[in-house]
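Note sheet for the following structure.
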Amino acid sequence: MTDPLESATGPRPPQAETDRRSRVLMKGNEAIAEAAIQAGCDAYFGYPITPQAELLEWMARRMPELGRAFVQAESELGAINMALGAAATGARVLVSSSSPGISLMAEGMSYMAGSGTPMVLVNVMRAGPGLGGIGPSQSDYFQATKGHGHGDYRVPVLAPASIGEAMELMATAFELAERYRTPVMVLVDGILGQAMEPVELRFRCPERRAFDWALTGAAGRPARIIKSIDLVPEVLEKRNAALQRKYAEISRREVRWATECLEDAEYVLVAYGTAARVARSAIEKARARGIKAGLFRPITLWPFPSRELARVARHAHAILAVELSSGQMVEDVRLAVEGRCPVGFHGRMGGLVPTPDEVVGALKALHGKVERTRERDREQQQKRQAERRNGQSPHPHAVVDGPAEGAHRVEAGAQAGTREGGER
Amino acid sequence: MTLRTSESTGRAGAPRLIYRKPDVLADRSTHYCPGCGHGIIHRLLAEVLTELDLPAHTIAVAPVGCAVFAYDYLNVDFVEAPHGRAPAVATGIRRVRPEAFVLTYQGDGDLAAIGTAEIVHAAARGERITAIFVNNGIYGMTGGQMAPTTLLGQRTTSSPNGRDAALMGYPIQITEMLAQLPGVAYAARGSIADASLIGKLKAMIKRACLIQVEGGGFSLVEALSNCPVGWGMTAQESLEHLKGPVVDAYPLGVIVDRGVGAAAPGAVRAHAPGAPAGPEA
């Protein structure tokens, strides 16, 4: 497996820059804001909402200092549409909000995806549904990865697990947005937004490119139009097909993930963002108790690292998804695993965060269940062998559809064989 | 379209060129219904942009509604806004393109219903943009439903027995509302009902555009227009209606002209997009 962090961060900064590195304590929201500024953000539009307000406040001070655009909009609708206007002229634009505000931005996101307008949107997730609460949450996973607004579109979603990584990914987000002419979402939860961590002041400003689509005034060239409307179905279908080709290319080229302790892991935790931090602590505790656990951490939630996770699932006894939600990413985990091994879930809702001990508890329960299943499999196999020796025909192989326990059992049995075959 | 002119014919006594279609107006047949006022307003806008030498600097925002296809008729850079959001989109353009001439073209459903917050706050901020507001008192594109500006008693497909104030409230005079705000440099209401009024409307549009060019704040021209199909009238009847009950509810004239002295935060901008980020940290 290639080093996923290398692919996530792109080229390392030159030596001169490395020498100037220093570590400072920064709040997540402020670090993200400054990273965006250093990545060349020309304009920021936002509206106050907890827990992302510090991002807006940082921009309110810094952007005018630098002679760049800052507007506190009348609403999230206003903010996202200001972003649409600024981005349509080729400016590098950042918008941020938290869950309820992101819902209001769905309309603008759909228009930007449809018209190919690059922009970066940060969602500092809080607990829902509705007004919910201001505690950290990952309950906007579906909203972020399954389309967000109306229409057939996708948005690349980057999910950092630390403030330092969030800073790196801001530059990546602008790069992806401009390379593919698409909105890009950076998805963090309230903890990453509010916590303070020591970070390196290491910034990257993606290279500027000339855009042959940007609205700059039609001087000496035909007028340009940025739009998503096409009332002729055949023409609109072609537009959609082009969008889908773009998404296929993003899925092929831009998948990012990270792994930890997977070399000898039998139990794989799948988690992103703050949940991945909890999972990391849980892995140490689990290993101290004899459960060989490792971490698979998606960094792009769309495109989801399905093929990479499927490879991991081939060798795992079981997978446990950990989220700050009722279980949203776990659906993509199951789709990727395709029954290769059992998939469990542990999550907390309402702004609560699972503790490492809770995760270890869930892991132990999954471990016990898998062990019992494997024991049953061994017994049944011995029984079948005995029947065969006694001249009886074996039972026809049961085909089990869906994620029933039986399916897991069959898979677990097959997998044990693979492992004995020494494929690892 | 080619006009026969004395230059082109080269003959003495041939027709003298007194006017020609502005180049910024595209050569194409209209999708608007027969008798609709949008075409007149497009034409006025094209004339004003040309007279002020603005087409090459213009970034315009198209609305949702009948005028969603405005970019088919005006050869300037256009971005399409979601329904009602044109003033926010225009704000974004203005803040990163200080040199551009920024224009929105919106209907009454777009500006005075779904986009109320956007227009009010763009005006309150004194954004240096110009809004052309076409008020025909109806949602034309979706089949003639009641708009916020629909007159009391007016029958529409969603007020089949006529607009009843007790159930549906009163028409909004949004231009007068906006004129209260100190960020509004210019607000006026004209009409397309006859040639003389069309001339006056053009003067209003020109004044609104000039204020933006000279660095003033938000400028708005409301153009009272007709919708013969939606109103269930002939084109001629609709123009008579426009001169009668419509003008009674929406009086014509300049409502406020604060000139370029009105606040315009979008006017002063130092940073051009695309400039490399500084070494600040």
Original post:
Any idea how many residues of the stretch B:110-133 are closer than 22 Å to A:Met109 by Cα, touching a helix residue (DSSP H, G or I) at 6+ places or on another chain (Cβ under 6 Å) and within 12 Å of chain A (Cβ to nearest Cβ)?
Top reply: 3
Original post:
Does B:Leu49 qualify as being crowded, with 24+ Cβ neighbours inside 10 Å, more than 7 Å from every other protein chain (Cβ to nearest Cβ) and closer than 21 Å to A:Pro222 by Cβ?
Top reply: yes
Original post:
Out of the stretch A:178-216, which residues are more than 14 Å from chain B (Cβ to nearest Cβ), closer than 15 Å to A:Ala87 by Cβ, in a helix (DSSP H, G or I) and not basic (Lys, Arg)?
Top reply: A:Tyr180
Original post:
Listed residues A:Lys285, A:Lys246; which is out of contact with any strand residue (DSSP E or B) (no Cβ under 6 Å at 6 or more places or on another chain), of a type in the set (Lys, Arg) and outside the structural domain of A:Ile49 (by TED's automatic domain parsing)?
Top reply: A:Lys285
Original post:
Applying the selection to the stretch A:217-248, what residues are within 7 Å of another protein chain (Cβ to nearest Cβ) and not in a strand (DSSP E or B)?
Top reply: A:Gly217, A:Ala218, A:Ala219, A:Ala223, A:Arg224, A:Lys227, A:Ser228, A:Ile229
**OP:** Of the numbered conditions (1) away from chain A (no Cβ under 14 Å); (2) part of a loop (DSSP other than H, G, I, E, B); (3) modelled with pLDDT under 95, B:Gly35 fails exactly one; give the number of that condition.
**Re:** (3)
**OP:** Determine, yes or no, whether A:Glu54 is within 24 Å of the chain's Cα centre (by Cα), more than 7 Å from chain B (Cβ to nearest Cβ) and crowded, with 24+ Cβ neighbours inside 10 Å.
**Re:** no
Original post:
If we keep just the residues of the stretch B:71-90 that are over 14 Å from B:Val120 (Cα atoms) and among the charged types (D, E, K, R), which is surrounded by the fewest Cβ atoms within 10 Å (Cβ to Cβ)?
Top reply: B:Asp72
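One line per residue, one yes/no per condition, for (1) in a helix (DSSP H, G or I); (2) more than 8 Å from every other protein chain (Cβ to nearest Cβ); (3) modelled with pLDDT under 95:
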| position | (1), (2), (3) |
| --- | --- |
| A:Glu74 | no, no, no |
| A:Ser96 | no, yes, no |
| A:Pro100 | yes, yes, no |
| A:Leu104 | yes, yes, no |
| A:Ala113 | yes, yes, no |
| A:Val122 | no, yes, no |
| A:Phe142 | yes, yes, no |
| A:His150 | no, yes, no |
| A:Ala166 | yes, yes, no |
**OP:** Taking the options A:Arg209, A:Arg202, name whichever one is of a type in the set (D, E, K, R) and surrounded by fewer than 20 Cβ atoms within 10 Å (Cβ to Cβ).
**Re:** A:Arg209
Subject >> Options A:Ala404, A:Ala416; residue that is within 18 Å of A:Val343 (Cβ to Cβ), surrounded by 13 or more Cβ atoms within 10 Å (Cβ to Cβ) and either at pLDDT 50 or above or not basic (Lys, Arg) (or both) >> reply: A:Ala416
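Quick grid of which residues meet (1) at positive phi; (2) acidic (Asp, Glu):
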site: A:Arg256; (1), (2): no, no
site: A:Glu260; (1), (2): no, yes
site: A:Asp264; (1), (2): no, yes
site: A:Leu269; (1), (2): no, no
site: A:Ala288; (1), (2): no, no
site: A:Ser306; (1), (2): no, no
site: A:Ala321; (1), (2): no, no
site: A:Gly327; (1), (2): yes, no
site: A:Glu358; (1), (2): no, yes
Original post:
When residues of the stretch B:79-101 are filtered for being under 29 Å from B:Val246 (Cβ atoms) and either of a type in the set (D, E, K, R) or part of a strand (DSSP E or B) (or both), how many remain?
Top reply: 2
Original post:
Pick from the stretch B:77-109 the residues that are aliphatic (A, V, I, L, M) and at the interface with chain A (Cβ under 7 Å from one of its Cβ atoms): which of them is nearest to B:Val221 (Cα to Cα)?
Top reply: B:Ala90
Subject >> Condition check for A:Gly116: out of contact with any Pro (no Cβ under 9 Å at 6 or more places or on another chain) and on the phi > 0 side of the Ramachandran plot >> reply: yes
Original post:
Of the numbered conditions (1) modelled with pLDDT under 95; (2) under 30 Å from A:Arg23 (Cβ atoms), A:Arg204 satisfies every one except a single condition; which is it?
Top reply: (1)
Original post:
What do you reckon, is B:Gly107 closer than 22 Å to B:Met204 by Cβ, surrounded by fewer than 24 Cβ atoms within 10 Å (Cβ to Cβ) and touching a residue at least 40 places away in the same chain (Cβ under 8 Å)?
Top reply: no
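The values are calculated or read from the model by the stated rules, or taken from the named source; none is laboratory data. No experiment lies behind these values; they were computed from the predicted model shown. Cβ sites come from the backbone with ideal geometry, for glycine too, and all protein chains shown count toward neighbours.
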